[in-house]
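Here is the structure we will look at, set down as C-alpha cells.
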Ligand code: ADP
C-alpha cells in the first residue's frame, strides 16, 4: 500500500489544493490530506473548521482521507506509514522555501521523499491568502473554491 501525505494549512482549501489531490490520487493507493494546526500563522478558520472543509470536499474520493496534525511532519508521516509527501509548486517564488523545507525534511528522515506537483495553469495564481483577501473585500471567489468553502468564507467574513 503506497501512502502519500499532503500537508498544509488549508486555510481554507481551494481549487488549487483539490487539483493537486486529483493528480496525486492517480499515483498512490492512499492520500492523506494532513491539516496542520499552524496556530503561529494565525489562521482565519480553526483547525476543526479547516478539517471539516477538506472532509466535505473529498467525500466522494474513496482513496483520500483527511486528518489533523501537529508537531514534526516527518514524525507524522512515519506514524501513518507514508512513503512520501506532496507539495505544490505554483511559481518560482514557492521554490526557495519548498526546496529548503524538502532538504531539511530529508535530513530528518531519509526514507521519506518529497514530491512536487504543478497545478493546472489556471490555478497557479491561487493561494488561500489571496482568496481570504478577496472574500474580506466582498469579491466573488466562486471560481476558486468549492461552493461549501465559499459559503464558509462568506459567513466568516460577515461575522467578523
Ligand atoms: P502551507 O501553509 O503549508 O504552505 P497551504 O495550505 O498554503 O499550506 O499549502 C499547502 C501546499 O499546497 C503547499 O505545498 C502549497 O504550495 C500548495 N498549494 C497551495 N495552493 C496551491 C495551488 N493553487 N496550486 C498548487 N499548489 C498549491
So what is the relative contact order of the chain, in percent, for Cα pairs below 8 Å that sit 6 or more residues apart? 28
proj_area_mean for segment 38-95 (convex hull on C-alpha atoms), units nm², value 5.5
Kirkwood hydrodynamic radius (Cα pairs, Å) of segment 27-127? 15.0
What span do the alpha-carbon atoms of segment 1-50 cover on each of the three principal axes, reported in whole Å from largest to smallest? 34, 21, 15
Which of 68, 57, 91 moves the most in a Gaussian network model of the chain with Cα springs under 10 Å? 91
Take 1, 104, 74, 118 and order them by how many other Cβ atoms sit within 10 Å, fewest up front. 1, 104, 118, 74
Between 0 and 90 degrees, rounded to the nearest ten: what's the tilt of helix 92-108 against the longest Cα principal axis of the chain? 40
Label-point separation in nm, residue 106 to residue 48, each point 7 Å along Cα→Cβ: 4.0
Enter the angle in degrees (range 0 to 90, nearest 10) between the Cα long axis of helix 15-24 and the first principal axis of the Cα atoms of the chain, meaning the one along which they spread out most. 30
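What order do you get for 144, 95 when you list them from fewest to most C-beta neighbours inside 10 Å?
On the way: 144 22, 95 12.
The most exposed by this proxy come first: 95, 144.
Take the alpha-carbon positions of segment 68-107, form their convex hull, and give its projected area averaged over all directions (one quarter of the hull surface) in nm². Intermediate results must be reported in sequence, preceding the final value.
Details: hull surface 13.3 nm².
Over all viewing directions, segment 68-107 projects a mean Cα-hull area of 3.3 nm².
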With 10 angstrom as the radius, rank 94, 70 by how many other C-beta atoms surround their C-beta, starting from the fewest. 70, 94
Asserting the computed 222 nm helical MRE of the chain (DSSP H runs at least 4 long, -39500 (n - 2.57) per run, divided by residue count, to nearest 500) equals -13000 deg cm²/dmol
Degrees between helix 147-159 axis and first principal axis of the chain (Cα, 0 to 90, nearest 10): 60
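Laboratory data are not the source of any read-out in this text; all were calculated from the coordinates shown. Predicted model only: the values in this text are computed from it and were never measured. Using ideal geometry, Cβ is built from the backbone for each residue, glycine included, and neighbour counts are taken over all protein chains shown.
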